[in-house]
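Here's the structure we're looking at; comments come further down.
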Amino acid sequence: MPFTNDGTENLMRWDRRSPGFLEVWYATVNHAETGSGLWLRYTLTAPDDGPAYCDLWAVCFD
């Protein structure tokens, strides 16, 4: 999907109904002077059976 000027590439793709879906977003931030960094990962999982759920992961590097 190409990037747009209206920000639609940042919208959730899941339709909130369909099972068997996985969506993952992540971001990394680095500090050039110290070499430290932060990694964030957000997942939305809609399994074939059972309710949908989300996970948020965070890792700090020094």
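Quick notes on this one:
- For segment 19-38, the set of residues classified as part of a loop (DSSP other than H, G, I, E, B) and surrounded by 10 or more Cβ atoms within 10 Å (Cβ to Cβ) consists of P19, H31, S36, listed by residue number.
So that you can scan it fast, the table gives a plain yes or no per residue for (1) modelled with pLDDT of 95 or more; (2) closer than 18 Å to E9 by Cβ:
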site	(1), (2)
Y26	no, yes
V29	yes, no
S36	yes, no
W39	yes, no
Y42	yes, yes
T45	yes, no
P51	yes, no
W57	yes, no
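- Odd one out for R41 among (1) surrounded by fewer than 11 Cβ atoms within 10 Å (Cβ to Cβ); (2) part of a strand (DSSP E or B); (3) of a type outside the set (S, T, N, Q): (1)
The values are calculated or read from the model by the stated rules, or taken from the named source; none is laboratory data. As the structure is a computational prediction, the values presented were derived from the model and not from experiment. Positions of Cβ are backbone-derived with ideal geometry, glycine not excepted, and every protein chain shown enters the neighbour counts.
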